[in-house]
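Presented below is the structure to which this report refers.
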Amino acid sequence: MVNAKTYSQKPSEITHKWILIDASSAPLGRVSTVIAKYLIGKYKPTYTPHMDAGDYVVVINAEKLIVTGAKETDKKYYHHSGYPGGIRDESLAELRVKYPERIIMEAVKGMIPRNKLAAERLKRLRVFPGEAHTHTAQTPEKVEIK
């Protein structure tokens with residue numbers, strides 16, 4: 001038996017790539033799981049659970065997002081003002097008109113582990129409603145979703 005040691009990544013070894021994902025190419029759940037995988041960095045061979053070594057993810061075409069079934073009218077998003085009786089809800093169709101990027105943000109937020117690294121991981125997610133994005137200088141690598 002070889003005396004193998006578990007690899008633990010050091011902060012100086014962390015590199016963040018830029019990934020570009022088109023949200024109009026697959027359903028919401030499939031897109032969200034791919035985004036979460038890249039934000040967490042779990043696909044990397046150097047993955048270390050207590051280090052935040054994920055990548056930056058740029059998502060385009062959030063307004064052309066695909067959902068299946070009756071989710072367009074039946075799926076509800078809730079938020080509360082903090083005052084008694086201050087709960088509000090919006091359907092996916094209403095949210096798509098006003099803030100299409102929030103749909104993807106909420107779906108990915110639910111797939112990220114709830115720990116100290118979650119806030120930093122979500123900061124690296126950039127969602128844009130249309131085809132244009134402001135991160136062309138970073139030359140993000142386009143990822144196809146199957």
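Suppose every Lys and Arg Cβ carries +1 and every Asp and Glu Cβ carries -1, with no other charges. What dipole size does the chain come out with about its Cα centre, to the nearest 20 debye? Kindly include the intermediate steps, with their values, before the conclusion.
On the way: 24 positive and 16 negative charges, 100 e Å.
Result for the chain is approximately 480 debye, rounded to the nearest 20.
Summing Lys, Arg as +1 and Asp, Glu as -1, what charge do residues with Cβ under 10 Å from the Cβ of Gly54 carry, Gly54 excluded? Walk me through the numbers on the way to the answer.
Working: positive: Lys17, Lys37, Lys42, Lys44, Arg121, Arg124; negative: Asp52, Asp55, Glu120.
Net charge around Gly54: +3.
Per the helix-only calculation at 222 nm, which mean residue ellipticity applies to the chain, given -39500 (n - 2.57) for every DSSP H run of n ≥ 4 and division by its residues, nearest 500 deg cm²/dmol?
-7500 deg cm²/dmol
Checking the cross-link filter: which lysines have an alpha carbon closer than 22 Å to that of Lys146, excluding same-chain neighbours under 8 positions apart?
The qualifying lysines are Lys17, Lys37, Lys42, Lys44, Lys64, Lys71, Lys109.
Please name which of Thr46, Ile35, Gly86 has its Cα lying farthest along the dipole of the chain towards the positive end, using unit charges on Cβ (Lys, Arg +1; Asp, Glu -1) and the Cα centre as origin.
Toward the positive end, the furthest listed residue is Thr46.
Ranked highest first by average number of other Cβ atoms within 10 Å, how do 33-46, 4-17 line up?
Packing proxy ranking, top to bottom: 33-46, 4-17.
Can you give the angle from 0 to 90° between the axis of helix 28-40 and the longest principal axis of the chain, with both taken from C-alpha atoms, to the nearest 10?
The answer is roughly 30 degrees.
Since every read-out is calculated from the coordinates, none of them should be taken as a lab result. These numbers were taken from a predicted model, which means no experiment stands behind them. Using ideal geometry, Cβ is built from the backbone for each residue, glycine included, and neighbour counts are taken over all protein chains shown.
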